[in-house]
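First up is the structure itself, then whatever we jot down about it.
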Amino acid sequence: MKYGVLGTGQVGQELSNKLVALGNEVCMGSRSQDSKEAKTWLERAGEKGKIGTFADAARFGEIIVNCTQGAHSLEALRLVAKKELNGKILIDVANPLDSSRGMPPVLSICNADSLGESIQREFPEAKVVKTLNTVNCRVMTDPGRVPGDHDMFICGNDDTAKKTVTALLREFGWKSIVDLGDITNARATEQLMPIWIRLWGKLGTADFNFRIVSDA
Ligand SMILES: NC(=O)c1ccc[n+]([C@@H]2O[C@H](COP(=O)([O-])OP(=O)(O)OC[C@H]3O[C@@H](n4cnc5c(N)ncnc54)[C@H](OP(=O)(O)O)[C@@H]3O)[C@@H](O)[C@H]2O)c1
């Protein structure tokens, strides 16, 4: 499969490495053609890796992954022609964190809206699937870093797209995947960020996750 990974940060690098390791081709996208971070990644990625602009990566990918800074994800995606996203799965792992007023960051979109929904509204022909945003990037691709049973959330409007992404999550090693429903549920997973950030400070490690316990 060909993936267009939008984002050159820790998450873009971690997911790109995993996708290549699983035998996929990846084009990592950035605002510029010659991002230093993307070039460094390419040196290690080998022949299955490519780099380019966000538009190049979206054109290349059969599946797109949004790993851009959440408060600027819409700006990043607006650099991509809508037709490059039409009909494609767009996995959104971003959180709309705003650190401009200090730490800990607040959510720039919240309550009755979410980044996932905003992306879906702006790109109605894309199949937005929100997932992986509730764990650290190392845990995204290696859930075994957290001991015991723990859960990954997924939501989106298109059931077939969610099935495809669920199969990918299983390849990453996720065992328990909780489908919350349509993309409005991105409100819930993005709004886990305030507690996630505080737990990170409290626990002193990013290797933790949420576990849902019920009698259902
Ligand atoms: N770090 C984690 O473990 C983790 C876990 C869960 C979710 N997330 C979420 O995943 C996303 C990526 O996180 P990250 O830590 O890898 O990197 P990040 O620093 O949040 O984002 C880096 C990417 O955002 C792009 N970007 C920054 N400002 C932009 C702007 N004004 N317009 C367009 N694009 C812009 C950068 O483009 P250039 O390449 O051009 O510089 C770069 O590709 C974030 O939304 C974050 O909340 C992170």
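Among the criteria (1) within 13 Å of the ligand (Cβ to nearest atom); (2) in a strand (DSSP E or B), the one residue 138 does not fulfil is (2). Does residue 5 count as in contact with a helix residue (DSSP H, G or I) (Cβ under 9 Å, 6 or more places away or on another chain), assigned to a strand (DSSP E or B) and within 11 Å of the ligand (Cβ to nearest atom)? Answer is yes for this residue.
Of the candidates 93, 80, the single residue that is in contact (Cβ under 8 Å) with a residue 12 or more places away in the chain and under 23 Å from residue 159 (Cα atoms) is 93. Looking at region 48-61, is at least one residue away from the ligand (no atom under 13 Å from the Cβ) and of a type in the set (Val, Ile, Thr)? For region 48-61, residues away from the ligand (no atom under 13 Å from the Cβ) and of a type in the set (Val, Ile, Thr): absent. Output the residues belonging to region 62-91 that are within 9 Å of the ligand (Cβ to nearest atom) and either assigned to a strand (DSSP E or B) or touching a Cys at 6+ places or on another chain (Cβ under 6 Å) (or both). 66, the sole residue that qualifies. Looking only at residues in region 111-135 that are surrounded by fewer than 19 Cβ atoms within 10 Å (Cβ to Cβ) and in contact (Cβ under 8 Å) with a residue 40 or more places away in the chain, the one that is nearest to residue 87 (Cα to Cα) is 125. Considering each of 161, 167, 186 in turn, give the residue that is in a helix (DSSP H, G or I), in contact (Cβ under 8 Å) with a residue 40 or more places away in the chain and away from the ligand (no atom under 16 Å from the Cβ). Step by step, each of 161, 167, 186 is checked, and only 161 is in a helix (DSSP H, G or I), in contact (Cβ under 8 Å) with a residue 40 or more places away in the chain and away from the ligand (no atom under 16 Å from the Cβ). The number of residues in region 189-216 being part of a loop (DSSP other than H, G, I, E, B) and under 22 Å from residue 167 (Cα atoms) comes to 4. Summed over region 8-39, the residues that are within 12 Å of the ligand (Cβ to nearest atom) and either assigned to a helix (DSSP H, G or I) or farther than 20 Å from residue 88 by Cα (or both) give a count of 18. Within the set of pairs 6 or more residues apart or between chains, which connect a residue that is outside any helix (DSSP H, G or I) inside region 42-58 to a residue that is at pLDDT below 95 and among the charged types (D, E, K, R) with Cβ atoms less than 9 Å apart? Taking only residues 6 or more apart or on different chains, the pairs are 51/34. A count restricted to region 92-109 and to residues that are in a loop (DSSP other than H, G, I, E, B), in contact with a helix residue (DSSP H, G or I) (Cβ under 8 Å, 6 or more places away or on another chain) and not hydroxyl-bearing (Ser, Thr, Tyr) stands at 7. Only a single item in (1) exposed (fewer than 15 other Cβ atoms within 10 Å of the Cβ); (2) in contact (Cβ under 8 Å) with a residue 40 or more places away in the chain is not met by residue 192, and it is number (1).
The values are calculated or read from the model by the stated rules, or taken from the named source; none is laboratory data. As the structure is a prediction and not an experimental result, all values here were calculated from the model. Every residue, glycine as well, gets a Cβ built from its backbone with ideal geometry; the counts of neighbours run over all protein chains shown.
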